[in-house]
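Engineer: To start, I am sharing the structure in question, which I have written as structure tokens.
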Amino acid sequence: MTFNEDSRVKIPTILHLMRLGYEYLPLSTVSWDESTNIFTDIFNESIKRLNPEFNSGDTSRFYNEVVLTLENEDLGKAFYEKLIDQSGIRLIDFENFDNNSFHVITELTYKKDEDEFRPDVILLINGMPLVFIEVKKPNNLDGYAYEHKRIGTRFQNKSFGSL
């Protein structure tokens, strides 16, 4: 049997996340907004569940408001404040965490203008990609230090600020 990064680390990582309650979503079965990488169907369903007074129009307007916060050049501060706000419209239910939806996907391309990257594993909470994980097989030729430097350089790219 041939071992590679997928068989040695990515698949075990996904299986572990599924045991923790994340649902695996193959990208071929879902759609998302490529400008934000938000999975809009999951997002809309989650927002309606967390904010039962919302109708479809309210959800659509709120989505547009969230997208605007992602465009701020504040390193995500406005989005973060909206994310943790529990007194108004909720993006995440921090009091009853089971009220949220958790998904794991792989190899979702983050693209802005001419720049792009594709993390190995992405965690969605309520349709929003909030965590990405780069997995590396043991004894990776370039090592973890190289990967850390590569991610640091990527995060300095203003093109990816909204993602």
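The values are calculated or read from the model by the stated rules, or taken from the named source; none is laboratory data. Small disclaimer: the values here were computed from a predicted structure and weren't measured. Using ideal geometry, Cβ is built from the backbone for each residue, glycine included, and neighbour counts are taken over all protein chains shown. Only protein heavy atoms, including side chains, enter the accessible area calculation; ligands, DNA and RNA are left aside. Shrake-Rupley method; radii C 1.70, N 1.55, O 1.52, S 1.80 Å.
Engineer: Sorted by average packing, counted as other Cβ atoms within 10 angstrom per residue and highest first, what order do 42-51, 58-67 take?
Structural biologist: 42-51, 58-67
Engineer: For region 30-44, just list the computed ³J(HN,Hα) in residue order, Karplus coefficients 6.51, -1.76 and 1.60, θ = phi - 60°, integers in Hz, with x standing in for Gly and Pro.
Structural biologist: Running phi through 6.51 cos²θ - 1.76 cosθ + 1.60 with θ = phi - 60° gives 9, 10, 8, 7, 5, 7, 10, 6, 8, 7, 5, 5, 5, 4, 4 Hz.
Engineer: Any chance you could list P(r) for region 18-88, counting all Cα-Cα pairs in 5 angstrom bins from zero, rounded to whole %?
Structural biologist: Result, from short to long distances: 3, 13, 20, 24, 20, 14, 5, 0 percent.
Engineer: Hey, what D do you get for region 73-141 in µm²/s if you plug the Kirkwood alpha-carbon radius into Stokes-Einstein at 4 °C and 1.567 mPa s?
Structural biologist: So the translational diffusion coefficient is about 90 µm²/s.
Engineer: Moving on. Within the set Lys48/Lys112; Lys112/Lys149; Lys48/Lys82; Lys77/Lys112; Lys77/Lys136, which residue pairs have Cα atoms separated by over 23 Å?
Structural biologist: Lys48/Lys112; Lys77/Lys136
Engineer: Another question about this same structure. May I ask you to give the percent of accessible area on region 26-87 that is carbon plus sulfur, with a probe radius of 1.4 Å?
Structural biologist: 52
Engineer: Would you tally the net charge around Ile84, using a Cβ to Cβ cut-off of less than 13 Å, leaving Ile84 out, and scoring K and R as +1, D and E as -1?
Structural biologist: Once positives and negatives cancel, what remains is -1.
Engineer: Rounded to whole Å and sorted largest first, list the principal axis extents of the Cα atoms in region 22-141.
Structural biologist: Cα extents, longest axis first: 52, 32, 26 Å.
Engineer: Give me the accessible area per residue for region 26-130, probe 1.4 Å, as a whole number in Å².
Structural biologist: 53
Engineer: Which whole-Hz ³J(HN,Hα) couplings does region 49-55 yield from phi under the Karplus relation 6.51 cos²θ - 1.76 cosθ + 1.60, θ = phi - 60°, glycine and proline marked x?
Structural biologist: Those phi angles translate into 5, 7, 10, x, 6, 6, 10 Hz.
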